[in-house]
């Protein structure tokens, strides 16, 4: 059995959840909407997958929603985000519609990548969402490249690169971080440590369980905290984003989180105890997001309105995906090369 | 016309393109302060500064990936690999990212990026530093593969590669850098995917690229002394391949020899032989022949090494076999 979240977090500063003075109810409602929509979107995806509406791999983010929503709340629209194959949430939080994401997983032409990418390869150039990538750690050098471009052009943009604890063992991660620090690139590396790289707990994959310590060797700023509270995630990531934007200095952030589901749909999760999973569910980021609304004195009626809106949004996305057509084979070759 | 060395022709292409477009930068190991491991980038640091001529640590996965990322968001990187042997540690970036991002994103992202550097064997560099990698890269849809044989082609093709919107594998024969050749004065480009007849002839077609063009021309010269007129065809671009010019030549000569420095199994020559066999079936007077690198890792010993690389005497012998003269 792996170390618990509490054990992994021991010694890590993580301020008590609460309402920073500058947070208004409208922002809280937005975060709650986004987190809930991501949850419902993925639940709908799991259902459609079970009904064999589509196949392939499906890696769900359920349980980690506060990380993507909080982190992306710290960005401007022109900032770049690049992520792994567990990226439905980041795509949505970057502004992509449930329709475009749902249709992509259904393999339809109306999907964000015209049905050519699927669950692991969501892209939206117009939202500066630079994709989900299927080779663990392989996207980290690309992130260094977009940050290099920002520095080259002095365009003031920041790149956020998400990856899991499993990526940290990859050489590509090391090389990306090496270049980002050497060249002082405006980038934030965010390790979403959900304690398991697929079915392998941290203690069997890492000699040092504190990923953020890697930053010390590169001379890079670091941070490490619990990722269940969307506001904490936003504010701590915002510090790193400011450092990237204003000082052109990269940061490695490790956010401790937990996925309630298996690695993918075929994973029965036998490497974790039921008790461990149930314990984690007590700290559901979406329940925490709802509590924040209550604390901020948002009317219960308004909260229910958000929930109803989300329900309709996801229902509509499923219908849209069902009704959409597929890219004809004759059109396929034009995507291999640009003429 | 002016006479310049192969490496100078490449240098001119880089310099002219960088002057034309600020989005173009050169990145790689020793490209800047050291002036290039093979001096292709000589003087570019002085001319363009550290912003546009970027020295990297020895991290091919990292800086090949940086080229991909920078291209995704609108820059036009030229990434130098000190040799294509070292590209293999960045194979995941080239194959899984550079070649696939356009398709995986439904055409939203294009990658105008050139990966360039020396390839093939040189002299006594042994197994890990003597590889021809074009068959590997040409196998991958999404990549283009360009291999110039002389200074004129080197400059014109590199300029076209830099202006192309796709990821390009640009392989410079390591032993060609000092070769002198005439190039046109002033601005010119050579389109990708267009082969060239390097020497006309009517009796046999010899196909070769990069330094194999020199072997083919030497063989043709020797054959001419015996009254055999060989036509030498240089595809110049491996992918896309100018199949039509090759087919046109073979239909005329009825005989085809392919010279390839790399290994035979799944080699570029195997692909060309298939296409020639299919389209010239009724015109062939002999089966298509290949002369390739030996099917083994390159030995260090100089004598053994030279026996593993196609040369003119063996090309001549292969042509005579095709003509049923031996």
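Bear in mind these aren't lab numbers, they're just calculated from the coordinates by the rules spelled out. All figures in this text were calculated on a predicted structure; none of them were measured in a lab. Cβ coordinates were reconstructed from backbone atoms using ideal geometry, including for glycine residues, and neighbour counts include every protein chain displayed.
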Label-point gap, in nm, between residue A:51 and residue A:287 - each point 7 angstrom along Cα→Cβ: 2.8 nm
Relative contact order, percent, the stretch B:136-291 [alpha-carbon distance under 8 Å, six or more residues apart]: 23 percent
Over the protein assembly as shown: helical MRE at 222 nm, DSSP H runs n ≥ 4 each giving -39500 (n - 2.57), nearest 500: -12000 deg cm²/dmol
Mean Cβ count within 10 Å, highest first, over the residues of peptides B:160-172, A:73-85, B:275-287: B:160-172, A:73-85, B:275-287
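Under the √(5λ) rule applied to the eigenvalues of the Cα gyration tensor, what semi-axes describe the equivalent ellipsoid of the stretch A:239-281? Give them in Å, descending. Intermediate values should be presented prior to the final figure.
Details: eigenvalues 254, 28, 10 Å².
After scaling each eigenvalue by five and taking roots: 36, 12, 7 Å.
By the gyration tensor of its Cα atoms, with a ≥ b ≥ c the square roots of the eigenvalues, what is the shape of chain B: rounded for a/c under 1.5, prolate for a/b over b/c, or oblate?
prolate
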Using a Förster distance of 56 Å, the FRET efficiency for residue B:34-residue A:200 (Cβ separation, nearest 0.05): 0.85
Gaussian network model of chain A, Cα within-10 Å springs - most flexible of A:168, A:233, A:277: A:277
Pairwise label distance in nanometres, residue B:21 with residue A:296, each label 7 Å out on the Cα-Cβ vector: 4.6 nm
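Rounded to the nearest 0.05, what FRET efficiency do residue B:285 and residue A:169 give with R0 = 41 Å and r taken as the Cβ-Cβ distance? Could you check?
Working: r = 59 Å, r/R0 = 1.43.
Given R0 = 41 Å and the Cβ-Cβ separation, E is 0.10.
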Neighbour-count order for B:159, A:274, fewest beta carbons within 10 angstrom listed first: A:274, B:159
For peptides A:155-162, B:67-74, B:131-138, sequence by mean Cβ density within 10 Å, most packed first: B:67-74, A:155-162, B:131-138
Cα-based shape type of the stretch B:135-195, given that a ≥ b ≥ c are square roots of the gyration tensor eigenvalues and the cut on a/c is 1.5: oblate
Relative pair counts by distance (%), Cα atoms of the stretch A:96-199, 5 Å bins: 3, 13, 19, 19, 17, 16, 9, 3, 0
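Can you tell me the relative contact order of the stretch B:92-176? Whole percent, Cα pairs under 8 Å, sequence separation 6 or more.
40 percent
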Net length gained if the chain between residue B:266 and residue B:325 were fully extended (0.36 nm per residue, minus Cα distance): 18.3 nm
The stretch A:58-111-the stretch A:205-271 distance, computed between alpha-carbon centres (Å): 17 Å
Whole-angstrom gap from the stretch A:304-335 to the stretch B:263-326, using each part's C-alpha centre: 54 Å
For the stretch A:25-321: rounded, prolate or oblate by the Cα gyration tensor [a/c cutoff 1.5]: rounded
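Sorting B:18, A:35 on the 10 Å Cβ count, fewest up front, what's the list?
With the sparsest Cβ surroundings first, the list reads B:18, A:35.
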Between 0 and 90°, nearest 10: helix B:243-253 axis offset from chain B longest Cα axis: 20 degrees
Percent RCO, i.e. relative contact order, over chain B, from Cα pairs under 8 Å lying at least 6 residues apart: 16 percent
Selected from A:239, A:302, A:315 as most flexible by GNM, with chain A as the system and alpha-carbon contacts under 10 Å: A:302
Estimated inter-spin distance, residue A:307 and residue B:124, nm [label 7 Å along Cα→Cβ]: 8.0 nm
Partner chain coverage, peptide B:55-63 - average Cβ within 10 angstrom: 6
Residue-averaged beta-carbon neighbours from other chains (10 angstrom radius) around A:133-144: 6
Square roots of 5 times each gyration tensor eigenvalue, C-alpha, the protein assembly as shown, largest first, Å: 54, 26, 22
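What FRET efficiency, computed as 1/(1 + (r/R0)^6) with R0 = 35 Å and r the Cβ-Cβ distance, is obtained for residue A:268 and residue A:30, rounded to the nearest 0.05? Write out the running numbers ahead of the final one.
Details: r = 36 Å, r/R0 = 1.01.
E(calc), rounded to 0.05, equals 0.50.
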Average beta-carbon neighbours from other chains, 10 Å sphere, peptide B:84-96: 2
C-alpha long axis of helix B:312-322 to longest principal axis of chain B, angle in °: 50 degrees
Among A:96, A:206, A:249, residue whose mean-square fluctuation peaks in a GNM of chain A (springs only between Cα atoms under 10 Å): A:206
Residues B:314, B:51, sorted so that the one with the fewest Cβ neighbours within 10 Å comes first: B:51, B:314
